[in-house]
Amino acid sequence: MERSYQFIYDRLFHYYGPQNWWPAETVFEMMIGAILVQNTSWRNVEKALLALKPYIRPERIERLAVDELAQLIRPSGFFNIKAKRIKSFLQWFQSYHYELDKIKKLDRQSLREELLNIHGIGRETADVLLLYAFDKPIFVVDAYARRILYRIGFDMPTSYDSFRRKVENELPNNLALYNEFHALIVEHAKEHCKAVPICEDCPLTVICDKRIE
């Protein structure tokens, strides 16, 4: 049985179907959600976004004091830190006059470097923004991807970017594929490849070495 990233994607897509990610009403809400989800569950992010809903425009959040913003996003945890990160992100976003089309014209590497220079934006968050906000095909390396590929039997690099490039080198440069792949990995980690895995009926069991950390 072939063991490849494309095979994994195909099996997960066939099993779970399209995920229609990112879960947000607007691109700006998606971007804020990507910052809020750092070190917390999506359930907590949803609570924070609900409180933030009356202000979910860049100009309105820009006018909020950091303390006000922090209290609104309190359910997401680390709210004082995340409020400062959102403000730093908005400062960068404002330099483009909040115009997504201008940002999308940048090449992937240049845009990624700009995002990584924003306070509080690490590689995973930057890549989520590249993929879901700015339409740049990229593989997002998160804890779920590391867990699933390790258990299947892949010996992946520990370095974030080496891991990412190893996957991207074997997949087509296709935005829709990467959009779905990250969402499918998250879904699979929640349904089957949990901390304590549920291997029964797993769509990847035919190629999985079942290596447990």
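The values are calculated or read from the model by the stated rules, or taken from the named source; none is laboratory data. As the structure is a prediction and not an experimental result, all values here were calculated from the model. Here Cβ is always computed from backbone atoms with ideal geometry, including for glycine, and neighbour counts include all displayed protein chains. What goes into the accessible areas is simple: the full protein's heavy atoms, side chains included, and nothing from ligands, DNA or RNA. Shrake-Rupley method; radii C 1.70, N 1.55, O 1.52, S 1.80 Å.
A few points about this structure:
- Only a single item in (1) assigned to a helix (DSSP H, G or I); (2) open to solvent by 20 Å² or more (accessible area, probe 1.4 Å) is not met by ASN20, and it is number (1).
- Listed by first and then second residue, the pairs with beta-carbon distance under 6 Å, at least 6 apart or on different chains, first residue in segment 178-190 and touching a residue at least 60 places away in the same chain (Cβ under 8 Å), second open to solvent by less than 10 Å² (accessible area, probe 1.4 Å) and in a helix (DSSP H, G or I), are LEU184/LEU12; ILE185/ALA145; HIS188/LEU12.
- Only a single criterion out of (1) open to solvent by less than 80 Å² (accessible area, probe 1.4 Å); (2) more than 30 Å from PRO203 (Cα to Cα); (3) more than 14 Å from the chain's Cα centre (by Cα) is not satisfied by LYS105, namely (1).
- Test: residue in segment 172-193 that is in a loop (DSSP other than H, G, I, E, B), open to solvent by 40 Å² or more (accessible area, probe 1.4 Å) and charged (D, E, K, R): no
- Taking the listed residues ALA51, ALA34, the one that is under 22 Å from ILE185 (Cβ atoms) and either assigned to a helix (DSSP H, G or I) or open to solvent by less than 50 Å² (accessible area, probe 1.4 Å) (or both) is ALA34, with no other qualifying.
- Among the residues of segment 73-102, those identified as open to solvent by 70 Å² or more (accessible area, probe 1.4 Å), farther than 24 Å from PHE139 by Cα and of a type outside the set (S, T, N, Q) are ARG74, PHE78, ILE81, LYS84, HIS97, GLU99.
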